[in-house]
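This report refers to the structure that appears directly beneath it.
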Amino acid sequence: MKIVKAVGKAVDFIEWICMTCSVISVLVMMLLVTADVVGRKFFHHPIPGSVEINEEYVMIALVYLAMSYVYKEGGHVRVTLFRHFIPGPVKTVVDTGLNILGLLFFALIVLLGWQTSLRAIRFQETSSCLLAYPMAPAYLILTLGAALLCIRILETIVSPRKIKWE
């Protein structure tokens, strides 16, 4: 039991770091877009690669690093139109089944993200923009976020009351 609590605290800490990075990425995106617009409109010199950096790094960090925290807080979109008509025991089975499907889907994202990250590292894959920055860190960010979400979904399957739903 101590191991489970220690792992839970470690996941909480990693998730807090990821969520902090996600919030910082919003600020970076705001500053980068503002600087690009100001440079373009007032100095006729936009920031090279700013759109690509926002698309390929900042947006990835914003979305994927926040996924597990949002899941834990019950913030993801859910269809609950018929949920109140389903009896309690059946609702538990349906929720578990849907969580297993979600776990399989995001585990596939983790697997493919990891393979893509390794390939990008091996072949030194770079972006197609002028700056030609490495793409492997963006793939690793995606993989980390999906892996944390898998841990949270697995936690929900084992202990459904830990996650806020309603």
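The values are calculated or read from the model by the stated rules, or taken from the named source; none is laboratory data. Fair warning: this is a prediction, and the values are worked out from it, not measured in the lab. Because the Cβ atoms are built from the backbone with ideal geometry, glycine has one as well, and the counts that use them run over all protein chains shown.
Scanning the range 63-90 for residues that are surrounded by fewer than 19 Cβ atoms within 10 Å (Cβ to Cβ) and under 16 Å from Met19 (Cβ atoms) gives Val63, Val70, Glu73, Gly74, Gly75, His76.
Of all the criteria given as (1) assigned to a helix (DSSP H, G or I); (2) in contact with a helix residue (DSSP H, G or I) (Cβ under 7 Å, 6 or more places away or on another chain), the one not satisfied by His76 is (1). Among the residues that make up the range 40-47, is at least one of them assigned to a loop (DSSP other than H, G, I, E, B), among the β-branched types (Val, Ile, Thr), at pLDDT below 95 and within 25 Å of Ser128 (Cβ to Cβ)? Yes, because at least one residue in the range 40-47 is assigned to a loop (DSSP other than H, G, I, E, B), among the β-branched types (Val, Ile, Thr), at pLDDT below 95 and within 25 Å of Ser128 (Cβ to Cβ). Residues in the range 101-144 that are assigned to a loop (DSSP other than H, G, I, E, B) and either closer than 20 Å to Ile53 by Cβ or touching a His at 6+ places or on another chain (Cβ under 6 Å) (or both): Gln124, Glu125, Ser127, Ser128, Cys129, Leu130, Leu131, Ala132, Tyr133, Met135.
Within the range 87-99, residues that are in a helix (DSSP H, G or I) have Cβ atoms under 7 Å from residues that are at pLDDT 90 or above in these pairs: Asn99/Ile153, counting only partners at least 6 apart in sequence or on another chain. Could you tell me whether Ala6 is assigned to a helix (DSSP H, G or I) and exposed (fewer than 13 other Cβ atoms within 10 Å of the Cβ)? It is true that Ala6 is assigned to a helix (DSSP H, G or I) and exposed (fewer than 13 other Cβ atoms within 10 Å of the Cβ). Looking only at the range 34-62, which residues are surrounded by 18 or more Cβ atoms within 10 Å (Cβ to Cβ) and among the hydrophobic types (A, V, I, L, M, F, W, C)? Answer for the range 34-62, where residues must be surrounded by 18 or more Cβ atoms within 10 Å (Cβ to Cβ) and among the hydrophobic types (A, V, I, L, M, F, W, C): Ile53, Val58, Ile60, Ala61, Leu62.
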